[in-house]
1. Looking for something open to solvent by less than 30 Å² (accessible area, probe 1.4 Å), farther than 30 Å from Glu311 by Cβ and outside any loop (DSSP other than H, G, I, E, B) - is there at least one such residue anywhere in region 6-19?
2. Kindly provide the set of residues from region 316-348 that are of a type in the set (A, V, I, L, M) and out of contact with any Leu (no Cβ under 6 Å at 6 or more places or on another chain), ordered by number.
3. Could you please give the count of residues in region 51-69 that are touching a strand residue (DSSP E or B) at 6+ places or on another chain (Cβ under 8 Å) and touching a residue at least 60 places away in the same chain (Cβ under 8 Å)?
4. Just the residues that are in a loop (DSSP other than H, G, I, E, B) and surrounded by 13 or more Cβ atoms within 10 Å (Cβ to Cβ), please, taken from region 21-37.
5. Look through Arg279, Arg343 and report the one residue that is open to solvent by 70 Å² or more (accessible area, probe 1.4 Å) and under 22 Å from the mean Cα position of the chain (by Cα).
6. For region 78-96, how many residues meet the condition of being of a type in the set (A, V, I, L, M), surrounded by fewer than 19 Cβ atoms within 10 Å (Cβ to Cβ), touching a Gly at 6+ places or on another chain (Cβ under 7 Å) and not in a strand (DSSP E or B)?
7. Do you know which residues across region 224-239 are assigned to a strand (DSSP E or B) and modelled with pLDDT of 90 or more?
8. Cβ-Cβ under 9 Å, sequence separation 6+ or interchain: first residue in region 304-332 and within 15 Å of Gly168 (Cβ to Cβ), partner assigned to a helix (DSSP H, G or I) and open to solvent by 80 Å² or more (accessible area, probe 1.4 Å). Which pairs?
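The values are calculated or read from the model by the stated rules, or taken from the named source; none is laboratory data. Remember, it's a predicted structure, so these values are computed and weren't measured experimentally. Positions of Cβ are generated from backbone atoms using ideal geometry, with glycine treated the same way; all protein chains shown enter the neighbour counts. Side chains included, ligands, DNA and RNA excluded: accessible areas come from the protein's heavy atoms. Shrake-Rupley method; radii C 1.70, N 1.55, O 1.52, S 1.80 Å.
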Amino acid sequence: IREGAWDCSTCGRTGNRGPEKYCAGCGHPRGSDVELYLPEDAAEVTDDAALDRARTGPDWSCDHCGGDNRADADYCTGCGAPGEGAATREVVVHREESNAQAAQASRASTARRPSTSRRKKLKRDYRRKAKGSRKPLAIGCIVLVAAIALITYLGRTSESTATVSGFGWERTIAVEKLLAVTEEAKQDEVPQGARLLDSGGGEGKTRTVTERVQVGTEQVKVGVRDLGNGFFEDVYEERPVYKTRRREASVRGPPGGTVRYQIDRWSQVREEQASGRDRAPRWPDVTLGNKEREGKRSENYTVYFSGADGETLTYRASSEQEWLGFAPTARYRVEATKTGRIRSLAPR
């Protein structure tokens with residue numbers, strides 16, 4: 001876990017400590033719209049109090065004064081308003097990819113702040129998980145029935161009036177690489193440029209086989225997680241470790257006059273992604289390696305609405321043109337699910 005930083009939008013001071021709620025230069029509140037970032041030279045946090053603060057959970061934003069507050073604060077430190085139901089900061093995972101710019105892999109959706117008892121439980125669960133404990137899952141008929149009931153409930157819709165409060169976009173470019181793949185075909189149907197591996201007819205023979213064998217696993221750092229409270233956590237994945245070996249093997253060609261061959265095919269190896277909460281979408285910068293090219297492009301456009309009760313609703317536009325047609329603060333009659341997803345809408 002490392003301590004992040006933020007820049008003041010009022011006086012321009014850079015490098016304010018991530019957990020601090022006020023600018024060290026002018027005293028202006030940080031605000032929920034200020035971006036938290038991790039400096040390149042950020043040191044690992046070792047202080048027990050700071051670690052406990054980092055694991056408390058994401059900060060929440062006061063609905064009355066807009067100030068940021070710690071997850072374990074029941075009341076706003078700025079105006080004293082209760083925090084029940086307030087929106088929390090987003091928890092974001094920034095992944096690192098070799099030979100490419102860092103790509104955002106996943107983003108937890110903005111959640112409503114849980115009750116005090118629920119927050120305490122989440123904190124205990126987080127600590128137990130950090131110590132490596134695992135709780136087995138109980139699977140049975142009761143769980144299945146409860147899941148079906150929950151899905152049915154969340155799928156119900158209700159009508160209300162909502163106001164456009166923001167916009168979001170996401171654009172993705174697939175990156176393809178020319179890779180050797182093994183295929184089979186009849187002898188007279190082998191594509192041009194293929195490299196034969198076995199002849200047809202089913203005759204036996206001995207040849208040297210080169211193969212990759214897994215010899216273990218290793219922990220690899222793949223990115224950082226913005227905890228939403230001024231701290232960042234390193235994200236690791238367990239990946240297999242291979243070695244190459246050669247051996248003599250007795251092989252038999254595929255029966256029925258077919259042959260095995262290798263041929264170079266374009267295969268998707270990764271995706272580059274760009275996203276934002278403004279109205280100026282752009283395509284991500286792509287750094288291509290050896291034998292790589294750009295592949296399929298995809299794009300998503302989201303309109304955020306503020307409901308009559310202050311809840312956040314989302315609408316997925318069918319195209320950029322439709323998305324640009326929404327005006328800020330415009331009012332609509334919407335039909336939305338319990339999860340806040342708008343199914344249909346019409347101007348008021």
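1. yes
2. The answer is Ala317, Leu324, Ala327, Ala330, Leu345, Ala346.
3. Within region 51-69, the subset touching a strand residue (DSSP E or B) at 6+ places or on another chain (Cβ under 8 Å) is 53-54, 57-63, 66-69.
Add one more test, that the residue is touching a residue at least 60 places away in the same chain (Cβ under 8 Å), and what stays is 53-54, 57-59, 63.
Residues flagged as touching a strand residue (DSSP E or B) at 6+ places or on another chain (Cβ under 8 Å) and touching a residue at least 60 places away in the same chain (Cβ under 8 Å) within region 51-69 amount to 6.
4. Initial filter on region 21-37 (in a loop (DSSP other than H, G, I, E, B)): 21, 23-28, 30-36.
Hits for region 21-37 are Lys21, Cys23, Gly25, His28, Arg30, Gly31, Ser32, Val34, Leu36.
5. Working: Arg343 fails: under 22 Å from the mean Cα position of the chain (by Cα).
When all the criteria are applied, what remains is Arg279.
6. 0
7. Narrowing region 224-239 to residues assigned to a strand (DSSP E or B): 224-226, 231-239.
Answer for region 224-239, where residues must be assigned to a strand (DSSP E or B) and modelled with pLDDT of 90 or more: Val224, Arg225, Asp226, Phe231, Phe232, Glu233, Asp234, Val235, Tyr236.
8. Filtered contacts from region 304-332: Ala317/Leu324.
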